[in-house]
Amino acid sequence: MKNLKSKILNGLFKIWVFLLSIPLVLIYVPIRGIVRQFRKIVLKKHDVKHHYQGHNRTLLALEKGALGSNETAQTNRNFIYFILAAITPYLLFVIVPFLMGIYFSFTNWTGLNTGNEIFIGFANYKNIFSSFAFAYSFYRTAIYSVLNIIFINLVAFLLALLVTQKLKLTNVYRAGFFMPNLIGGLVLGYIWQFIYRNALPSIGGILTNSLISNPDTAMGALIVVITWQYAGYIMMIYIAALQNVPTDLIEASKIDGANAWQRLRTITMPLVAQAFTIAMFLTLVTSFKQYDTVMALTQGGPATTLPQFLQNIFAAPNRTVESLNLMAINIYDSAFVRYEMGVGQAKAIIFFIILLIISLTQVYYNKKKEVEL
Amino acid sequence: MKKILLSLLALLTVFTLAACGGDGSKLVIFQNKVEIGTALTTYANAWAAKNDVNVEVVTCGGDSCAYGTQILAEFQKAEQPDIFVIEGMGGYNDYKDYILSLDGEAWLTDTDLEFKVNGVAYGFPVAVEGWGMGYNKAILTAAGVDPDTLTSLAAYTTAFAAIQAYYTANNMTDYVVVSMAAGSGMEWVTGLHNFNGYLSSGLTPGDSSVIDNLNDGVVNTARLQAYADWVELLFQYSPNSILIDGTYDIQVQAFDSGKAAFIHQGNWIDPNLDEATFEIGYAPHAAAAGTNDAIFISAPSYYVINKNSDNIEEAKKFLQDLASTPEGHDYMVTKAGMVAAFKSVTLLPDGKLSRAMVEWMNEGKIYSWWQNDMPSGFGMQTLGPIYTLYARKTITKTEFIARVTTEIQDLG
C-alpha cells in the first residue's frame with residue numbers, strides 16, 4: 001500500500017539523494033563519452049555494425065534513418081529548452097561554485113589574492129590530515145550526530161505516537177510541538193543561552209554553574225536545544241507515516257491478543273520504516289551541518305583539553321581545543337577567521353565526501369528494513 | 001522562432017550583466033562601528049550635500065554582522081567600498097594590495113596615532129580607545145587603597161586583599177573585587193586585551209620586540225612568567241559567576257551597579273554605565289615585572305582608502321574635513337561620543353572612562369596595542385580557550401604557561 005503522503009516523502013528523499021549524486025554524474029558523463037568514443041574507434045577496426053547491433057537501437061536506427069530522424073531530433077531539442085530554465089541557475093549557483101571550490105582547495109587562496117592564487121597540489125589536504133584540531137572537530141561532530149539522531153528520533157517518534165492517540169486537542173499539541181521549528185537557529189541559540197546562563201543557575205543546586213560553561217555538559221545542553229527545536233518537525237513525518245498504518249491490521253492483532261508493545265514492534269514499526277529512513281537521513285544531515293545554534297549558544301566553546309588518544313595520534317601533548325567546535329564551525333573559522341580559504345575549501349570537500357558516504361550507507365541499511373504491503 | 005528565443009535570451013543576459021555594473025560616482029564608506037552608524041550617516045549626508053558628492057555609509061559590525069567576513073565578501077564584488085576600516089597590521093597585511101598611501105595629507109601633522117608601515121602613513125585614526133583597570137574610587141577609598149600606588153603586582157596583591165577584607169568586614173557578600181570574564185564568547189577580553197599586557201606592558205610605545213618575537217615563534221619566558229602571575233591574581237579575585245559564566249552584560253552590570261571595585265574593560269563601556277554615580281579612574285595593568293606606569297591606548301581602527309577607487313580625491317577630502325572642520329570635530333566627539341585622535345580637537349568626551357583615559361593620554365603614559373598584529377584568529381581562537389581552561393582551574397599556572405608557550409612556538 002502506497003498512498004500520496006509516503007510517495008511525496010519518498011520523492012523528497014530521492015531529490016536529496018539526486019542532489020548529492022549530481023557531482024558524481026558530472027564526472028561520470030564525460031568519462032562515459034570518452035569511453036564510447038574510444039570504443040567506436042576500436043570497434044570500427046573490426047566491422048562496427050556486426051558487433052554493435054542491438055546495443056543502442058535508437059542510435060543505430062538514427063544512423064540508418066529508419067525512424068523519423070527529424071522528429072526525434074526535434075523532441076530532443078525541445079526537451080533541452082524546457083530544462084534550460086531549471087538547469088541554468090542550478091549550474092550557476094550549485095555546480096560551478098562546487099567545481100570552483102574543488103579547484104580552490106588545491107590553491108593557497110586567502111580570499112583576498114583572488115586571481116593570484118597559486119596551485120599548491122595536495123598541501124592543504126596534508127595540512128588538514130595532520131591537524132589535531134580538525135580531527136577533534138570530526139570526533140566531536142560524530143559523537144554529537146549519533147546522540148542527536150537518537151534523541152531527536154526517539155522524542156519525535158514518542159511525540160508522534162502520543163498525538164496520534166485519541167486525545168482531546170491533538171491538533172493543538174501537534175502545532176505546539178512543531179512551533180519551535182519556526183524559530184530561527186540564531187534566535188533560539190540566544191534564548192537558550194539566557195536560559196542556561198541566567199535562568200537555570202538561579203535555581204541553584206547542581207545548576208549553579210552554567211551547563212554551557214562546562215565542556216563536559218555543553219554538548220548535552222546543545223542536544224536538548226536542538227531536540228526541542230527539531231523533534232516537532234520530525235514528528236510530523238512520523239505522524240504522516242503512522243496515519244498510514246491500516247487500522248484493520250491493528251484490529252486483527254488486537255483480536256489475536258497482541259499487547260501494545262507487540263503491536264508497536266511487529267506491526268507499526270515495520271510499516272513506518274520508510275519514515276525512519278527519511279527522518280534519520282534528515283537528522284543526520286542537519287546534525288553534521290550544525291552551525292547557527294551552536295554559534296549563538298556558546299560560540300563553539302567552552303574550552304577543553306585535547307583527548308588523550310588524539311594527543312597520542314598527533315603527538316600533540318597539552319593542546320587546548322573547544323568542545324563544541326563542530327566541523328561546520330571549524331571550516332568557517334579556517335575560511336573567515338584565519339583567512340585560509342584554500343584550507344577551508346579543502347575541509348569543506350572532505351566534509352562533503354564524509355557526509356555523502358555516511359548518508360548513503362545509512363540510507364542503504366535503512367531501506368533494507370522497509371516493508372511493502 | 002528559435003532565433004527569436006535565442007536573441008531574447010542573449011538580450012536578457014546582457015541586461016543582467018549590465019545591472020551588475022552599477023555606477024562608480026558614489027563614495028561608499030564601509031565601517032564597522034554599529035554605535036556610530038547613525039551619527040556617521042547624518043554627518044556624511046550633510047558633508048555630501050555641502051560638497052555635491054554622493055555618499056553612502058554602510059555599517060557592518062557588532063553581533064549581527066561579522067565585519068571581517070563581510071568586507072572579504074565586498075572585495076569579491078565588482079564594486080568595492082572606497083573607504084573601509086582596518087584594525088592594524090593584521091588587516092593591513094590582508095588588504096595591502098588595496099590600500100592607498102596617505103603620505104602628504106594635511107591631517108597627519110595633527111595626530112600621533114595614524115597607522116604607519118615602514119614610515120609610510122596608510123590609515124586615518126577613527127577614534128582613540130584604551131583600557132586599563134577601571135576602578136570605582138568610592139570602594140577603593142573606603143577600603144583604604146590609593147589608586148596612584150597601583151603600578152606593580154605587589155601593590156595590586158595588597159590592594160585586592162585589602163578590598164576583600166573590607167567586603168568581609170562589612171558583610172558585603174555580593175560585592176566583587178575584579179569584574180572580568182574569560183568564558184566562551186569573551187575571548188576578546190582575555191586572548192586579545194589581557195594578552196596585550198604580555199606584548200607591550202613596561203615597553204616604550206612603538207617597541208615591537210615582543211610581538212616580533214611572537215610572530216617568529218619565540219617566547220620571552222621571563223615576561224610570560226610575570227604575565228601569568230598577573231593573570232593568576234586577576235582570576236583569583238574574580239568570582240566564577242562572572243569569570244566563567246559571565247557575558248559582557250553581566251560583567252559591565254557588576255561594575256555599573258557599584259558592586260565591583262575593578263573592571264577589566266575599555267572606555268567603550270561608557271554608554272553602558274548609566275547607573276554609575278561614583279568617581280571612576282584608570283589604573284595600569286601590572287602585567288610586566290617592576291613598575292607599570294601607563295595604560296593601553298591606541299586608535300582601534302583606521303579608515304583606509306581603496307587604491308582602486310574612482311573617488312580617491314573625494315575620499316581624501318572626506319577624511320581631511322573630518323579631522324579639521326568644526327563639523328567633523330562635533331560629529332566625532334559630541335555626536336558619535338568618541339575620543340578624537342587629533343590635537344586640534346578641544347571638545348571633551350562625556351564618558352567617565354573616556355575622560356579618565358584622556359588624562360593618561362595627555363600625560364603621554366601610553367602602552368601600545370599589539371594584539372591586532374598577531375596572526376588572524378590567534379588571540380581569540382587559539383589563546384582564548386587556554387584562558388577559559390585556566391579560569392575553570394582545569395589547568396595550573398605552570399600548564400597555562402606551557403600551553404601558551406607551545407602555541408607561540410607553533411607560529412615559528
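The values are calculated or read from the model by the stated rules, or taken from the named source; none is laboratory data. Remember, it's a predicted structure, so these values are computed and weren't measured experimentally. Note that each Cβ is placed from the backbone with ideal geometry, even for glycine, and that neighbours are counted across all protein chains shown.
Run down B:Asp63, B:Asp82 and say which single residue is within 12 Å of chain A (Cβ to nearest Cβ) and of a type in the set (Asp, Glu).
B:Asp63
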Subset of region A:102-127 (residues that are of a type in the set (Gly, Ala, Ser) and either crowded, with 17+ Cβ neighbours inside 10 Å or away from every other protein chain (no Cβ under 14 Å) (or both)): A:Ser105, A:Gly111, A:Gly121, A:Ala123
Quick one: how many residues across region B:85-105 are touching a helix residue (DSSP H, G or I) at 6+ places or on another chain (Cβ under 6 Å) and within 26 Å of B:Ser344 (Cα to Cα)? 3
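Can you tell me which residue in region A:287-310 is surrounded by the fewest Cβ atoms within 10 Å (Cβ to Cβ), limited to those that are within 11 Å of chain B (Cβ to nearest Cβ) and part of a helix (DSSP H, G or I)?
Residues of region A:287-310 within 11 Å of chain B (Cβ to nearest Cβ): A:294-306.
With part of a helix (DSSP H, G or I) added as a condition, the list becomes A:294-298.
On the way: A:Val294: 24, A:Met295: 19, A:Ala296: 21, A:Leu297: 29, A:Thr298: 28.
Here the residue is A:Met295.
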Residue under evaluation B:Tyr135, criteria (1) in a strand (DSSP E or B); (2) under 30 Å from B:Phe318 (Cβ atoms), criterion not met: (2)
Please report, ordered by residue number, the helices (runs of 4 or more DSSP H) entirely within region B:28-127 with at least 2 residues that are polar (S, T, N, Q) and surrounded by fewer than 21 Cβ atoms within 10 Å (Cβ to Cβ). B:37-51, B:67-74
Tell me which residues, restricted to region B:225-255, are away from chain A (no Cβ under 14 Å) and surrounded by fewer than 19 Cβ atoms within 10 Å (Cβ to Cβ). B:Gln225, B:Ala228, B:Asp229, B:Glu232, B:Leu233, B:Gln236
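If you take the residues in region B:198-224 that are assigned to a loop (DSSP other than H, G, I, E, B) and under 29 Å from B:Gln164 (Cβ atoms), which one is nearest to the other protein chains (Cβ to nearest Cβ)?
Narrowing region B:198-224 to residues assigned to a loop (DSSP other than H, G, I, E, B): B:201-208, B:216-220.
Then keep just the ones that are under 29 Å from B:Gln164 (Cβ atoms); that gives B:201-202.
Working: B:Ser201: 24, B:Gly202: 27 Å.
Residue satisfying both the conditions and the ranking: B:Ser201.
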Pairs, first assigned by TED's automatic domain parsing to the domain that holds A:Thr227 in region A:287-302, second outside any helix (DSSP H, G or I) and among the β-branched types (Val, Ile, Thr), C-beta under 9 Å, six or more apart: A:Pro302/B:Ile244
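Could you list, in sequence order, all residues of region B:397-412 that are within 14 Å of B:Val231 (Cα to Cα) and facing another protein chain (nearest Cβ under 9 Å)? Outline the logic, then answer.
So the first thing to find is which residues in region B:397-412 are within 14 Å of B:Val231 (Cα to Cα), and the list is B:397-401, B:404.
Selection gives B:Glu399 alone.
Restrict the check to region A:229-242 and report whether at least one residue is surrounded by fewer than 15 Cβ atoms within 10 Å (Cβ to Cβ) and either within 30 Å of B:Ser64 (Cβ to Cβ) or not small (Gly, Ala, Ser) (or both).
First, the residues of region A:229-242 that are surrounded by fewer than 15 Cβ atoms within 10 Å (Cβ to Cβ): none.
Scanning region A:229-242, I find no residue that is surrounded by fewer than 15 Cβ atoms within 10 Å (Cβ to Cβ) and either within 30 Å of B:Ser64 (Cβ to Cβ) or not small (Gly, Ala, Ser) (or both), so the answer is no.
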Residue hits (region B:301-313; touching a residue at least 60 places away in the same chain (Cβ under 8 Å) and either among the polar types (S, T, N, Q) or surrounded by fewer than 20 Cβ atoms within 10 Å (Cβ to Cβ) (or both)) are B:Ser301, B:Asn306, B:Lys307, B:Asn308, B:Ser309, B:Asp310, B:Asn311, B:Ile312
Could you list all residues from region B:383-395 that are farther than 18 Å from A:Ile212 by Cβ and facing another protein chain (nearest Cβ under 8 Å)? B:Ile386, B:Ile395
Would you please name the residue that is nearest to B:Thr41 (Cα to Cα), looking only at residues in region B:55-76 that are β-branched (Val, Ile, Thr) and without any contact (Cβ under 8 Å) to a residue 60 or more places away in the chain? B:Val57
Pairing a residue in region B:326-337 that is under 15 Å from B:Gly37 (Cα atoms) with any residue that is of a type in the set (Phe, Trp, Tyr), where Cβ atoms lie under 6 Å and the two sit 6 or more apart in sequence or on different chains, gives B:Tyr331/B:Tyr43
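Before we move on, is A:Val272 more than 9 Å from chain B (Cβ to nearest Cβ) and either buried (at least 22 other Cβ atoms within 10 Å of the Cβ) or in contact with a Pro (Cβ under 8 Å, 6 or more places away or on another chain) (or both)?
yes
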Looking at region B:363-380, I want the residues that are surrounded by 21 or more Cβ atoms within 10 Å (Cβ to Cβ) and aromatic (Phe, Trp, Tyr) and have a partner that is assigned to a helix (DSSP H, G or I) and at pLDDT 90 or above with Cβ atoms under 7 Å, at least 6 apart or on another chain. Which pairs are those? B:Tyr367/B:Ser200; B:Trp369/B:Asn196; B:Trp370/B:Asn196; B:Trp370/B:Leu199; B:Trp370/B:Ser200; B:Trp370/B:Ile211
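Looking at B:Ser184, B:Ser238, which one is at pLDDT 90 or above, in a loop (DSSP other than H, G, I, E, B), hydroxyl-bearing (Ser, Thr, Tyr) and within 21 Å of B:Phe400 (Cβ to Cβ)?
Numbers: B:Ser184 fails: at pLDDT 90 or above.
Of the residues listed, the single one that is at pLDDT 90 or above, in a loop (DSSP other than H, G, I, E, B), hydroxyl-bearing (Ser, Thr, Tyr) and within 21 Å of B:Phe400 (Cβ to Cβ) is B:Ser238.
Any residue that is in a helix (DSSP H, G or I) and surrounded by 18 or more Cβ atoms within 10 Å (Cβ to Cβ) - is there at least one of those in region B:333-347? Walk me through how you get there before you give the answer.
Taking region B:333-347 and keeping what is in a helix (DSSP H, G or I), we get B:333-335.
Then keep just the ones that are surrounded by 18 or more Cβ atoms within 10 Å (Cβ to Cβ); that gives B:333.
Looking for residues that are in a helix (DSSP H, G or I) and surrounded by 18 or more Cβ atoms within 10 Å (Cβ to Cβ), one finds at least one in region B:333-347, hence yes.
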Output for region A:341-354, where each listed residue is more than 9 Å from every other protein chain (Cβ to nearest Cβ), of a type outside the set (Gly, Ala, Ser) and surrounded by 22 or more Cβ atoms within 10 Å (Cβ to Cβ): A:Val343, A:Gln345, A:Lys347
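Every residue, every condition in (1) within 12 Å of chain B (Cβ to nearest Cβ); (2) more than 21 Å from the chain's Cα centre (by Cα), yes or no:
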| site | (1), (2) |
| --- | --- |
| A:Ile191 | no, yes |
| A:Thr208 | yes, yes |
| A:Asn214 | yes, yes |
| A:Val225 | no, no |
Boolean, A:Thr277 is within 16 Å of A:Val146 (Cα to Cα), polar (S, T, N, Q), in the same structural domain as A:Gln229 (by TED's automatic domain parsing) and in contact (Cβ under 8 Å) with a residue 60 or more places away in the chain: yes
Quick one: B:Val145 ticks every box in (1) in the same structural domain as B:His264 (by TED's automatic domain parsing); (2) of a type in the set (A, V, I, L, M); (3) outside any loop (DSSP other than H, G, I, E, B) bar one, so which box is it? (3)
